[in-house]
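Report on the structure given below.
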Amino acid sequence: MYHEYAKYFDKIFPAKDQIVAFLEKHLDGKRILDVGCGSGEYTIALHDKGYSVTGIDLDTEMIAYAKKKASAIYFKVENMLDMDDEIYDSLYCIGNTLVHLPTKKDIQTFLNSCYKKIEDGNIVLQIINYDRILEEHITSLPTIENEEVTFVRNYSHKEDKIVFSTILKTKDKSYENAVELIPLCKDELVEMLKEAGFKTINSYKGFSDAPYEKDSYALVIVASK
């Protein structure tokens, strides 16, 4: 899906200290699963903090790149809809990964699996706030630009999906990509988590303890049994 972006991913989305601190605060235990780990930026950051972290992603190029960066960490190609039976203390799925699943039924299946996959810890989920996207008819996200890359992100609305179109410009090349996303709203995600069995569900406006608001840029959820 994003395999052409693998070697540039860290330039587009470098690990942020605020996100690492939030994960440390809200993930119980030391055995952690990173679902949709991409190039492994947060997997590596938590490993460096003393956690035993496994990173999974469906993209073979991303996993290959992650392994090259940190051979001591267990990274593997795995479908989040078909995870193995290994149990963890907590898990997280960030970077808008969740809404890349094909259907809402698949999202429910994944959340059901998350409930079974953790002992007594938490799960941390982060997606774009689609309440805001739909309400305000937003058609683009802020362009990410630095010395190495320019990353342009556009949304177009298509029936019950959103087409996420991107252009990655490097010093000597340009890549284009488009994927369909499910614009999952906050209340529906909370209901899905309840359906999966989670009892305590807290919603935040980002990777801070500020509560979620309808006009928040992101939706971050911490759920526990």
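Taken together, the values in this text are just the output of simple stated rules run on the coordinates, not laboratory data. These numbers were taken from a predicted model, which means no experiment stands behind them. All Cβ positions, glycine included, derive from the backbone under ideal geometry; neighbour counts span all protein chains shown.
Here is how the numbers come out for the structure above:
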| item | result |
| --- | --- |
| Net charge contributed by nearby residues that have their C-beta within less than 11 Å of residue 87 (K/R +1, D/E -1) | -3 |
| Cα gyration tensor shape of segment 150-225, rounded if a/c is under 1.5, else prolate or oblate by comparing a/b with b/c | prolate |
| Local electrostatic count at residue 185 - Lys and Arg +1, Asp and Glu -1, tallied over other residues with Cβ under 14 Å | -4 |
| Burial ranking of peptide ranges 166-178, 186-198 (average Cβ count within 10 Å, highest at the top) | 186-198, 166-178 |
| Listed residues 182, 144, 63, most fluctuating in the chain (Gaussian network, C-alpha, under 10 Å) | 144 |
| Descending semi-axes in whole angstrom, ellipsoid equivalent of segment 1-80, from the Cα gyration tensor | 20, 14, 11 |
| Cα gyration tensor shape of segment 132-180, rounded if a/c is under 1.5, else prolate or oblate by comparing a/b with b/c | oblate |
| Three-way shape label, segment 47-166, alpha-carbon gyration tensor, a/c 1.5 | oblate |
| Percent RCO, i.e. relative contact order, over segment 150-225, from Cα pairs under 8 Å lying at least 6 residues apart | 19 |
| Rounded to 5, percent antiparallel among DSSP beta bridges of segment 16-169 | 45 |
| Relative contact order for segment 132-180, counting Cα pairs under 8 Å that sit 6 or more residues apart, in percent | 26 |
